[in-house]
1. Among the residues of the range 57-78, how many are of a type outside the set (D, E, K, R) and more than 29 Å from Asp16 (Cβ to Cβ)?
2. Just one of Ala88, Ala101 is farther than 22 Å from Asp16 by Cβ, in a loop (DSSP other than H, G, I, E, B) and out of contact with any Asp or Glu (no Cβ under 7 Å at 6 or more places or on another chain); which is it?
3. Tell me, please, whether a residue that is part of a loop (DSSP other than H, G, I, E, B) and touching a residue at least 40 places away in the same chain (Cβ under 8 Å) can be found in the range 66-81.
4. Applying the selection to the range 48-98, what residues are at positive phi and either in contact with a Phe, Trp or Tyr (Cβ under 6 Å, 6 or more places away or on another chain) or modelled with pLDDT under 90 (or both)?
5. Taking Ala85, is it free of Cβ contacts under 8 Å to residues at least 60 places away in the same chain and farther than 27 Å from Leu4 by Cβ?
6. Kindly check whether there is at least one residue in the range 108-124 that is buried (at least 16 other Cβ atoms within 10 Å of the Cβ), touching a Leu at 6+ places or on another chain (Cβ under 8 Å), under 24 Å from Leu41 (Cα atoms) and among the polar types (S, T, N, Q).
7. Test Leu62 against the criterion of being closer than 26 Å to Ser7 by Cα and free of Cβ contacts under 8 Å to residues at least 40 places away in the same chain, and give yes or no.
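The values are calculated or read from the model by the stated rules, or taken from the named source; none is laboratory data. Please read all numbers here as calculations on a predicted model, not as lab measurements. Methodologically, a virtual Cβ is constructed for each residue, glycine included, from the backbone with ideal geometry; neighbour enumeration extends over all protein chains shown.
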Amino acid sequence: MKKLVASNADIIEFSDMARKVSFFSQMTVGLLEKIFAFVMLFEYRKGEKVCKQGGPGDAFYLVYSGKLRVTVKKSFFSPAQKVAALGAGDFFGEMALLDGAPRTATVECEEDSRVFVLLAEHFNEVAGGNAEFTAYMKSLSAARQFELNQKK
């Protein structure tokens, strides 16, 4: 993994992609601008893991370019099963922004990829002062948790 310097064009692209993510679409322009200050851009090589199942839920990821695979292990002795493929514009780790729970899957690069990263602590620092947005985030978290429980 290598941290890159995000250009203005990269940040504009992040803005366009983020507007398609449900909880970012509800943010005011002012709140989004504050969050942009914390967004980082990383480059991952083919075969590198972005996050591991069971690891800390401490960041949100938005795929800028490349292809990634999402796998889940049901038990310690079971093989990992591919449950999703991700590409440009796809995101994961939103639950980390909402509740900080451990990762429910492993995400690994199938090819060299660039990924925007927003740490939960930075997100909470910016969004925490907005009561209306915090309430919206809690409702999203509850709906997402219900959806995950239904898949079990």
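1. Counting residues in the range 57-78 that are of a type outside the set (D, E, K, R) and more than 29 Å from Asp16 (Cβ to Cβ) gives 5.
2. Ala101
3. Looking for residues that are part of a loop (DSSP other than H, G, I, E, B) and touching a residue at least 40 places away in the same chain (Cβ under 8 Å), one finds at least one in the range 66-81, hence yes.
4. Gly93 - this is the single residue of the range 48-98 that is at positive phi and either in contact with a Phe, Trp or Tyr (Cβ under 6 Å, 6 or more places away or on another chain) or modelled with pLDDT under 90 (or both).
5. no
6. Yes, because at least one residue in the range 108-124 is buried (at least 16 other Cβ atoms within 10 Å of the Cβ), touching a Leu at 6+ places or on another chain (Cβ under 8 Å), under 24 Å from Leu41 (Cα atoms) and among the polar types (S, T, N, Q).
7. For Leu62, the condition - closer than 26 Å to Ser7 by Cα and free of Cβ contacts under 8 Å to residues at least 40 places away in the same chain - is not met.
Quick grid of which residues meet (1) under 20 Å from Thr104 (Cβ atoms); (2) aromatic (Phe, Trp, Tyr); (3) surrounded by fewer than 20 Cβ atoms within 10 Å (Cβ to Cβ):
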{"residue": "Phe24", "(1), (2), (3)": "no, yes, no"}
{"residue": "Leu31", "(1), (2), (3)": "no, no, yes"}
{"residue": "Lys34", "(1), (2), (3)": "no, no, yes"}
{"residue": "Gly47", "(1), (2), (3)": "no, no, yes"}
{"residue": "Pro56", "(1), (2), (3)": "yes, no, yes"}
